[in-house]
Amino acid sequence: MALQPDLRIVNLEAAVTTADRLWPGKAVHYRLHPANVVCLQAAGIDACCLANNHVLHWGLNGLAQTLRSLRQVQGPARLPLPEGGRLLLFAWALASSGVPLTWGARLDQPGVALLPAIDRGTAKWMSGCIRRQRCRGDRVVVALYWGANWVPVVPEAHRWLARQLIDLAEVDVVYGHSSHHPLPLEIHAGKLILYGCGDLINDSEGLPPHGPWRSDLVCCHLLDLDLDTGALLGLTLNPFQLHRRLAVGAALPQWRRVLRADPGRRPLCRRTLHRLRLQLRTPRHD
C-alpha cells in the first residue's frame, strides 16, 4: 500500500528567480525560473528549506524574488498537523557547507540564517529561538545545512549539536543535509537524527564516483512520528537512482547494496538498525 505523507519537506538548492546579476566568486550558479515553481506544487511540497549555499547565487534581488515566488504556492514554516497542533520548521546553515560569511542575515540586510560556530553558546541560543516559538502540542524539525559534499564519517561536532538540540529544546527531528550522498542516522532519546539525507533530484548524474559514493544514488526518507511525543515510530528509506537527468527511478538491487555497504555508514547504521529492527522498512523496487 502506497504511503501518503501528511507533510513533504525539501531542501531547495536553487534560487527561484529571473535575476541576471551573479554573485561573484561562485563556481556554479543555480536557479529555477519562477514559472516552474508549479513543479513544487505538483509534487505536494509543503515547505522548502532555503538555508544553503546556493540560494544567494543571484544576489539579494534573486533571494527576494525566490521568497515571493515560493509564497505564491506555500505558506510560512508553521505547518498544521492532521490531529491538531503544528509542525515548526527551523533551518540554519553553517559555513562548513560552503556558505560565505557575507551571506549571513543581519538586522540591516536579508540573507541566510547562518550559525557562527558549533559550541555551547550556539546550542543554547538555538534552543531559546525554538522555545520562544513553540506552543503546546507543536512538533519541531530543525534543518541543518552543514559539512562538506563528500565526507567519510559524521563529524563529532555535528553529533554533539544534534543531541544538544534534542536534550535542550526537545527537537523531534534533526534534518541534516549538504553532502551529496546519504549519511548515517541515529536515534537519540527516541528522536530521529538524519545527519545527511543526500540529494534527491539533481543534475550531477554524470559526475564520477567519489570513492564508494555516487551522486546518482539517492534516498527519500519517510518518517512516522508519534504526534503526542514526537518519538519515532517508523522509518522508510526509499532508494532511487537518477536516470537521464532529473528523472528518478527505482534503484537496482546492486546499487541499494552500495548504500548499505558504505564504509562510512556501517558502524552507526548497525546500531540504529538494531534499535529499529521491527520498525525500519526498506521497500522492494525490483
Handout entry: Members of region 1-29 that are in a loop (DSSP other than H, G, I, E, B), surrounded by 17 or more Cβ atoms within 10 Å (Cβ to Cβ) and either among the hydroxyl-bearing types (Ser, Thr, Tyr) or in contact with a Gly (Cβ under 8 Å, 6 or more places away or on another chain) (or both)
Key = THR17, ALA19, TRP23
Completion exercise
Over region 115-137, the set of residues touching a helix residue (DSSP H, G or I) at 6+ places or on another chain (Cβ under 9 Å), in a helix (DSSP H, G or I) and within 30 Å of LEU227 (Cβ to Cβ) is THR122, ALA123, LYS124, MET126, SER127, GLY128, CYS129, ILE130, ARG131
Handout entry: Candidate set: region 69-96, residues that are among the aliphatic types (A, V, I, L, M) and part of a helix (DSSP H, G or I); chosen: the one farthest from GLU156 (Cα to Cα)
Key = LEU70
Handout entry: Test: LEU185 is in contact with a strand residue (DSSP E or B) (Cβ under 7 Å, 6 or more places away or on another chain), in contact (Cβ under 8 Å) with a residue 60 or more places away in the chain and of a type in the set (A, V, I, L, M)
Key = yes
Problem - Residue list for region 31-53, filter: assigned to a loop (DSSP other than H, G, I, E, B) and under 17 Å from GLY111 (Cβ atoms) - result: LEU50, ALA51, ASN52, ASN53
Fill in the blank from the handout: Checking VAL112, VAL141, VAL99 in turn, the sole residue that is out of contact with any helix residue (DSSP H, G or I) (no Cβ under 6 Å at 6 or more places or on another chain) and closer than 20 Å to LYS26 by Cα turns out to be VAL99
Exercise for the section: Kindly indicate whether any position in region 155-171 is part of a loop (DSSP other than H, G, I, E, B), under 16 Å from the mean Cα position of the chain (by Cα) and at pLDDT below 90. Expected result: no
Fill in the blank from the handout: GLU83 fails exactly one of (1) in contact (Cβ under 8 Å) with a residue 60 or more places away in the chain; (2) crowded, with 16+ Cβ neighbours inside 10 Å, namely (2)
Practice task
For ARG8, indicate whether it is under 20 Å from VAL99 (Cα atoms), charged (D, E, K, R) and in contact (Cβ under 8 Å) with a residue 24 or more places away in the chain.
Solution key: no
Fill in the blank from the handout: For region 41-75, the count of residues that are under 19 Å from the mean Cα position of the chain (by Cα), surrounded by fewer than 21 Cβ atoms within 10 Å (Cβ to Cβ) and of a type in the set (A, V, I, L, M, F, W, C) equals 4
Handout entry: Among residues of region 138-173, those that are surrounded by 14 or more Cβ atoms within 10 Å (Cβ to Cβ), among the acidic types (Asp, Glu) and farther than 16 Å from LEU225 by Cβ, counted
Key = 1
Problem - region 191-223, subset among the small types (Gly, Ala, Ser) and more than 20 Å from ALA143 (Cβ to Cβ), residue surrounded by the fewest Cβ atoms within 10 Å (Cβ to Cβ) - result: GLY206
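The values are calculated or read from the model by the stated rules, or taken from the named source; none is laboratory data. Keep in mind that what you see is a predicted model, and the values were worked out from it rather than measured. We place every Cβ from the backbone using ideal geometry, glycine too, and count neighbours over all the protein chains shown.
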